[in-house]
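Structure first, then comments.
The values are calculated or read from the model by the stated rules, or taken from the named source; none is laboratory data. Given the structure is predicted, the values throughout are model-derived calculations rather than measurements. In this analysis, Cβ positions are derived from the backbone assuming ideal geometry, glycine residues included, and neighbour counts consider all displayed protein chains.
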Amino acid sequence: MDAVTTGGVWLRVRRGVSAYGQEAVVLGALVVLMIGVGLYNSRFLSDTNLTSVFSGNAYIAVAAIGMSMVIITGNIDVSVGALIGILGTISGTLAVNGAPIWVCWGVPLVVGMAVNAVIGVLVAYARIPAIVVTLGMLSILRGVLISATGGKWITGLPDAFRLAQMRFFGVPSGVFIAAILTVLAALWMRYSATGRAIYAVGGNAEAARAAGIRTQGMLVLVFALHGAFAGVAAVLFATQLQVIQSTVPPNLEMSIITASVIGGVSILGGTGTVIGSTLAALLFSTIASALVFVDISAYWLRAVLGLLILATVLVDMVRRRRKGRLAP
Amino acid sequence: MKLSLRALLRHETVLALLTVVVLAGLAQQSDRFFTADNLLNQGRLMAEVGFAAVAMTFVIVTGGIDLSAGSILGLGAIMVGVFWKNVGLPLPVAMALAVVVGGVCGLVNGLIITRFTVPPLIATLATQSLFRGLAEGISRSRSVRGYPEWFFVLGQGDVAGIPTQVWILVISAVVAAFVLGRTTFGRSTYALGANEVAAKFSGVAVNRTKLLIYTGSGVAAGLAAVIFVSRVSTTRSDMGTGLELDAITAVVLGGTSIFGGRGTIVGTVLGLVLIQALRNGLALAGVKGDGTIMVIGAVLILAILVSNLLGRDGDG
């Protein structure tokens, strides 16, 4: 191979990396981690373990798609964890009361859209900052979750209801759904007019308005879509186990926001892709599993995660700064 | 005349009226609410969030946020136990070191935010995991108990009939109100929250101010940790989970703009009182805990909505 083609290939790779910078960093970290831990302990790459790694965080990946859209518009939602708990409970309650499966799976989407459309209206039309609205909603939804479940677990779920335990074409359903939704959302956001408008609103709301985008309606739409993704995530979360617990993991909303942000969605709005957030969700479950295989006590899991998140953020900041210096 | 009307409709005034109405209403609901015993006890319960909220006011006035406050509290609490029981230091030294650990955590936040220009939300989201993770890893989910009797004065005792931590909180709030409202440092804080670039060119030491504020937030969380441990007589790594959101709620309810540049300590204290009064009063009136947190959420949204409608002068 002569120097010119090598340079050409290298340049193309460099260009790809700089267009999808943060996604490339996360993917790189994921590959290095998988190979490294696989070499240390080959059971890590076994079929069963990889399946659990890939499907364990599928619901976080799905929820992070909607969250990424919200963050790209320059907003945030800290209430989604409680919402997922409520939607899961609704879904399970319908299932044990003998509702048809499509109702059990469909109603959470609709309710999620409705609840988050309210958030969208408060943000877009009442002009209350999203963090304030969703902080308030976090309290309200947590209260609803506690009073709705009364702390009781839902048991006796019908087999046909357990979406997360099914396989589509031999792939665990969670992985399948997360992958399909990620690809569809990424394509929609990159190529459709509405998708581009989401970036425009986040990049510069005034300019977007001047360009004829109905920015307020767009915000309501994005929040509603985010609610629908939360609905899918809730069904996946609720059907993971044989029972539906009355609580969601503490700080679930933070895990979802973290996946978006580590995946390269700028908290300032206007940039990022849902591919990054899905990769980041996968990275987290890989790290969690890897710790077990390299014999690090599970007590250190969160510290290691925090350190890696911090490292990713710092690498990204340094990379952006260097890029800013190169391109005037 | 117009000016005085505008002043009357300031967020703090609206909030103070709302607080009075709520207090009166709650006193009607239960005769146990407006007793000295109950009110003092509520002050005790409010103190930990109070420290975090007072410090958080500075952070939010700069346009930043600190999501790691609750995790710093958890780590600080663990360190009290570790320094005292495992390292074998005298308890007062362990307490002081726990506050120092809080300060160091805050300094780390400040350094990440100023040196690497990471947005505060992301920086403290990452350190929220990191600090909580350190607390979990160091403690291995074991709790430390068996503190000497004098230690509980801080969290369970009284000075001149008023809970010790309420004294500390009141003094901290007064000092903070003075610093934010009456000193050059306070003016710098507002200036850099309103327009960071303009502040920088006006000679405000932007990075040093931010470093001090985030370190202060860490110190406040460390102090809250020591008082928390003294109040509940044990240390656990999950202490203070969600504390930052309670603190932010109080600050925002108190009229501090989440975009920075506007807000007062008086507002934050009113926000704290209103939340705690609702929590306690509704519980006494027979509303269950889940109903109470729903009301607090609704009050937060409504208060900002009303304040937006009344005080619409262009800054949202």
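Looking only at residues in region A:37-68 that are in a helix (DSSP H, G or I) and polar (S, T, N, Q), which one is modelled with the highest pLDDT? For region A:37-68, the residue satisfying everything is A:Ser68. For B:Ala250, state whether it is within 14 Å of another protein chain (Cβ to nearest Cβ) and buried (at least 21 other Cβ atoms within 10 Å of the Cβ). So B:Ala250 fits the description; yes. Evaluation of A:Arg321 against the conditions (1) touching a Phe, Trp or Tyr at 6+ places or on another chain (Cβ under 9 Å); (2) away from chain B (no Cβ under 11 Å); (3) more than 27 Å from B:Met239 (Cα to Cα) shows that the sole unmet condition is (2). Take the conditions hydroxyl-bearing (Ser, Thr, Tyr), at pLDDT 85 or above and in a loop (DSSP other than H, G, I, E, B) and apply them to B:Thr249. Does it pass? Criteria not met by B:Thr249. Residue count for region A:123-161 satisfying the condition of being at the interface with chain B (Cβ under 7 Å from one of its Cβ atoms) and either of a type in the set (Phe, Trp, Tyr) or outside any helix (DSSP H, G or I) (or both): 4. With respect to (1) more than 10 Å from chain A (Cβ to nearest Cβ); (2) touching a residue at least 24 places away in the same chain (Cβ under 8 Å); (3) within 21 Å of B:Gly43 (Cα to Cα), the lone exception for B:Ala283 is condition (2). Only residues that are basic (Lys, Arg) and over 28 Å from B:Val206 (Cα atoms) were counted in region B:84-116, giving 1. Scanning region A:206-253 for residues that are under 20 Å from the mean Cα position of the chain (by Cα), part of a loop (DSSP other than H, G, I, E, B) and of a type in the set (A, V, I, L, M) gives a single hit, A:Val248. Candidates are the residues of region B:131-148 that are at the interface with chain A (Cβ under 7 Å from one of its Cβ atoms) and without any contact (Cβ under 8 Å) to a residue 24 or more places away in the chain; the one that is nearest to A:Val313 (Cα to Cα) is B:Gly133. For region B:7-21, a residue qualifies if it is crowded, with 16+ Cβ neighbours inside 10 Å and either acidic (Asp, Glu) or at pLDDT below 85 (or both), and the qualifying residues are B:Arg10, B:His11, B:Glu12, B:Val14, B:Leu15, B:Leu18. Filtering region B:264-272 for residues that are within 20 Å of the chain's Cα centre (by Cα), facing another protein chain (nearest Cβ under 10 Å), outside any loop (DSSP other than H, G, I, E, B) and surrounded by 20 or more Cβ atoms within 10 Å (Cβ to Cβ) leaves an empty set.
For region B:286-302, the tally of residues that are more than 8 Å from every other protein chain (Cβ to nearest Cβ) and not in a helix (DSSP H, G or I) stands at 2. Of the residues examined, A:Ala99 is one that is more than 10 Å from chain B (Cβ to nearest Cβ) and either more than 26 Å from A:Ile71 (Cα to Cα) or modelled with pLDDT under 90 (or both).
When A:Ile296 is tested against (1) more than 9 Å from every other protein chain (Cβ to nearest Cβ); (2) over 15 Å from B:Gly137 (Cβ atoms); (3) surrounded by fewer than 20 Cβ atoms within 10 Å (Cβ to Cβ), exactly one condition is not met: (2). Here is the figure for region B:26-70: residues that are part of a helix (DSSP H, G or I) and within 13 Å of the chain's Cα centre (by Cα) total 18.
Listed by first and then second residue, the pairs with beta-carbon distance under 6 Å, at least 6 apart or on different chains, first residue in region B:163-185 and on the phi < 0 side of the Ramachandran plot, second charged (D, E, K, R), are B:Pro163/B:Arg44.
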